[in-house]
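Attaching a single structure in structure tokens format; questions to follow.
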Amino acid sequence: MNLDYPITYVKGISVQRATLLYTELGIKTCNDLLNFFPFRYIDRTNFYRIKDLQLNSSEVQIVGKITNVKSIAQKRGSRLVATFQDASGSMELVWFRGQKWIKDSLKINTPYVVYGKLNHYNGFFSIPHPEMELVSEYKKKLQTKMQPVYPSTEKLTNSGISNKLMRAYIQNLLQQFYDGIQESLSYQIIDDFTLMHKRDALLNVHFPKSQENLAKAQYRLKFEELFFIQLQLVRKKLINKNKIKGFVFKNVGDNFNNFYNKNLPFELTNAQKRVLKEIRKDVASGAHMNRLLQGDVGSGKTIVALLTMLLAIDNGFQATIMAPTEILANQHYVAVSELLQGLNIKVDILTGSVKTKKRREIHANLEDGSLHILVGTHALLEDKVKYRNLGIAIIDEQHRFGVAQRSKLWMKNEMPPHILVMTATPIPRTLAMSVYGDLDISMIDELPPGRKEVKTVHRFDSNRLSVFKFLKDEIAKGRQVYVVYPLIQESEAMDYKDLMDGYESISREFLAPKYQISIVHGKMKPADKEYEMQRFVRGETQIMVATTVIEVGVNVPNASVMIIESSERFGLSQLHQLRGRVGRGADQSYCILLSSFKLSAEAKTRLKTMVETSDGFKIAEVDLKLRGPGNIMGTQQSGVLNLKIADVVKDSQILVSARNTAIDILQDDPNLSKKENLPINKAFTKMSKSSKIWSNIS
Ligand code: ADP
Ligand code: MG
């Protein structure tokens, strides 16, 4: 007997039912069925005496005998009523459906275990449609006090595969195959974490003997699930490190030093210094760097990117930085060029709107090596773009680029350039471990000093007039203002109307020539957008009305007020990104979240969170709790969604232990060839073969 056998080997499962279980739930082998876990349990640890029944005890279990059964006519049809007694008193069992069949099968004066939802009617307690089992049968079964409830589908229920039947199948399976269940963790791990053995865990997750056993079984199975995922990710990372050679940037040269000593306009924060050290260690090691740099909006990722590029240049390499939009690429280009003034480094920019002649020039300079840094958008990925010796590729705001694009950068060289992916959408550490477990992660978890927190308030639409008044006061002080409207694809037409209506009402309130207003949205031509953006950047307009196009990262330090219209329609991470557009200068900044009066509970939580905190990681945690991992950027293709029993949010502690264990084991025994790791090796090989372990991004 082998757990890989099809489930028709389980007593009671016909070919027809096996087919149904496969099409409905994907259960094919005995192993699949064994790993089909209950989603809840009915606690049947307690038996009640009829005398002790309380109106509020909702689901109860009682041992007693039926003394009498009768049909009682009612308005429509009839009901079947059985009198049920124990030594302490009597009550009723009631059926409305299937009366004839039930009446025939009930045994009088024979002990039953009865279970169900308690009703109180006409001074009598009753249970409608109880679950019943003869005490003699009950005693024969696997003794379990907690009853498993399995996920099901309508089709299964309609075809007679009830929860009771599922229980029976799995019980049979366990009885037939119990001895064939093999341990998949090493004794060391089992000892270290006092885990339940695999057999017991599987038995107890289906038929727990007690709450305590259930908890232990679940812990063991969650640990195992997360452990094998981490084992795969960590292994992949180690293999890449060993196999994939990387360029060695061994010198810290003149460019880096001159810049650091002369051009650096401020002192780096400790977090920036730490991250830079991590990167320097990577690029000097001879292995290929594949690193994710997480840092909140405004945490100063650009300077880290720049210093990294200087390292590359000092070692004779070129560098590139890719941004998701033209506006953002431009901003990087301007920032980098300004910072590098006085150094002998050539920087250029390549986007979709660069004219052919200029484009050719860039191509040529890239190939002969005279161009050191190329900033750009997707245009960088075109085949014509060939570097002489690209040493590092930096990707900003990574969630906007797909996996395929990332690897396209890789393909450009014989030896892949080092990769640094920067993201301003922090994801919680534990989620990052699952989604980006094969990348190294650096975090800038500290903002530059002197940054004032953006004062954030929530106001209802009805307060708009006082909000306008506030805007006028701020503009009078020389500040600039963003007014942002939501743009959701499904309701695009409506959203554009809202935007235009909003623009008009603002134009009426803020009259020219005193006030100048820019408007930017996705339907405008790139050149017009650019023109409007630039007017705002130069300070010629005081108000920027926009859809979320500005989300991606414009930098206008003088803009200190952000109004978000219909803020209840934005997601948390989006709100956080938007707010990051202000608070970049020395002045006190403000974010005003406008919303209608009617708010869902979730929307309330989002707005409240925004008002209470500006910590991107905290916000990401709340976001994760509200939406689940499936909706967080970048997690879609990853396996965090296919977990059978663990939960990346709730089981983050287990995840951390599982990951550390995987790291320890692989460091000690990279090929899992030591005898004590044999069980792990076997299970791992099997999982990899059946691709039960998902393949990760990149
Ligand atoms: P982001 O991480 O969002 O890309 P930026 O790199 O654009 O952030 O930095 C935001 C602002 O903070 C910039 O104006 C930058 O010059 C400034 N900045 C970055 N690091 C420091 C620092 N260590 N001290 C002071 N200001 C800094
Ligand atoms: Mg940035």
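Please indicate, with yes or no, whether at least one residue in segment 304-315 is away from ligand 1 (no atom under 14 Å from the Cβ), closer than 18 Å to residue 387 by Cα and in contact with a His (Cβ under 6 Å, 6 or more places away or on another chain). It would help to see each step written out before you state the result.
Filtering segment 304-315 for residues away from ligand 1 (no atom under 14 Å from the Cβ) gives 310-315.
Imposing the further condition that a residue be closer than 18 Å to residue 387 by Cα reduces the set to 310-315.
Retained after the next criterion (residues that are in contact with a His (Cβ under 6 Å, 6 or more places away or on another chain)): 313.
Yes, segment 304-315 contains a residue that is away from ligand 1 (no atom under 14 Å from the Cβ), closer than 18 Å to residue 387 by Cα and in contact with a His (Cβ under 6 Å, 6 or more places away or on another chain).
Let me confirm something: among 459, 464, which residue is away from ligand 2 (no atom under 16 Å from the Cβ), charged (D, E, K, R) and either modelled with pLDDT of 95 or more or touching a His at 6+ places or on another chain (Cβ under 9 Å) (or both)?
Values: 464 fails: either modelled with pLDDT of 95 or more or touching a His at 6+ places or on another chain (Cβ under 9 Å) (or both).
Answer to the selection: 459.
Need the failing condition index for residue 413 against (1) more than 20 Å from residue 278 (Cα to Cα); (2) at pLDDT 85 or above; (3) not hydrophobic (A, V, I, L, M, F, W, C), just the number.
(2)
From the set of residues in segment 234-289 that are small (Gly, Ala, Ser) and not in a helix (DSSP H, G or I), which is farthest from ligand 1 (Cβ to nearest atom)?
Restricting attention to segment 234-289, the residues satisfying the condition of being small (Gly, Ala, Ser) are 246, 253, 271, 284-287.
Then drop every residue that is not not in a helix (DSSP H, G or I), which leaves 246, 253, 285-287.
Details: 246: 25, 253: 22, 285: 25, 286: 29, 287: 26 Å.
Checking each candidate, the answer is 286.
State the number of residues belonging to segment 9-23 that are crowded, with 16+ Cβ neighbours inside 10 Å and assigned to a helix (DSSP H, G or I). Explain how you work it out, then say what you get.
Quick first cut of segment 9-23, residues crowded, with 16+ Cβ neighbours inside 10 Å only: 9-10, 13, 17-18, 20-21.
In the following step, the residues that additionally are assigned to a helix (DSSP H, G or I) were identified as 9, 17-18, 20-21.
Of the residues in that region, 5 qualify.
Does segment 289-297 include one or more residues that are assigned by TED's automatic domain parsing to the domain that holds residue 385, among the hydrophobic types (A, V, I, L, M, F, W, C), buried (at least 21 other Cβ atoms within 10 Å of the Cβ) and away from ligand 2 (no atom under 16 Å from the Cβ)?
No, every residue in segment 289-297 fails to be assigned by TED's automatic domain parsing to the domain that holds residue 385, among the hydrophobic types (A, V, I, L, M, F, W, C), buried (at least 21 other Cβ atoms within 10 Å of the Cβ) and away from ligand 2 (no atom under 16 Å from the Cβ).
The values are calculated or read from the model by the stated rules, or taken from the named source; none is laboratory data. None of these values were measured; they are calculated from a predicted model. Neighbour counts are summed over all protein chains in view; Cβ atoms, including those assigned to glycine, are modelled from backbone coordinates with ideal geometry.
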